[in-house]
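Note sheet for the following structure.
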Amino acid sequence: MAAKDLITFDNEVFSAYAFWSAVLVIKVLLMSLLTAAQRFKTKTFANPEDLLDKRLKVKFDNSDVERVRRAHRNDLENILPFFAIGFLYVLIDPAPGLAINLFRAVGIARIIHTIVYAVVVMPQPSRALAFFVALGATVYMAVQVLLAAL
């Protein structure tokens, strides 16, 4: 099948990729708001002009704010590669059931990762499980793309 035939919403694999990519874009964007919410909640601001009260001091070491920032950074390190490899995976015309479930696994696992890391902190291995589900699905797609490109 030609690439132009694969990159259409009539292709259920591309449609699922587009859906889960949009969900993850929204999720990454919301992380900035979650960081801001934690900053206001804890009155932890990194810039003097952001201080609500001039008696407050600039702070960089609030553990709750830093936890959200680390979760956000982890998203950027893992979701951006998914966008690239997921799109290339669509182009190898994979089996729809498998592809759709891989996209779902990445999306749901990344959401769960943030929840258990930065919203309702839960002990390990909850975060590790969510991380490795998404990583495993992304690596699987990357290997399939590599094999198809040989």
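The values are calculated or read from the model by the stated rules, or taken from the named source; none is laboratory data. Predicted model only: the values in this text are computed from it and were never measured. Positions of Cβ are generated from backbone atoms using ideal geometry, with glycine treated the same way; all protein chains shown enter the neighbour counts. Heavy atoms of the whole protein, side chains included, go into the accessibility calculation; ligands, DNA and RNA do not. Shrake-Rupley method; radii C 1.70, N 1.55, O 1.52, S 1.80 Å.
Some observations on this one:
- Within the range 122-141, the residues that satisfy the criterion of being open to solvent by 60 Å² or more (accessible area, probe 1.4 Å) and more than 18 Å from PHE103 (Cβ to Cβ) are MET122, PRO123, GLN124, PRO125, ARG127, LEU129.
- Among the residues of this structure, LEU56 does not count as one that is of a type in the set (A, V, I, L, M) and free of Cβ contacts under 8 Å to residues at least 12 places away in the same chain.
- Residue tally, condition free of Cβ contacts under 8 Å to residues at least 24 places away in the same chain and closer than 13 Å to ARG110 by Cα, over the range 68-88: 3
- Selection count where residues are farther than 18 Å from MET141 by Cβ, of a type in the set (A, V, I, L, M) and in contact (Cβ under 8 Å) with a residue 12 or more places away in the chain, scope the range 2-27: 0
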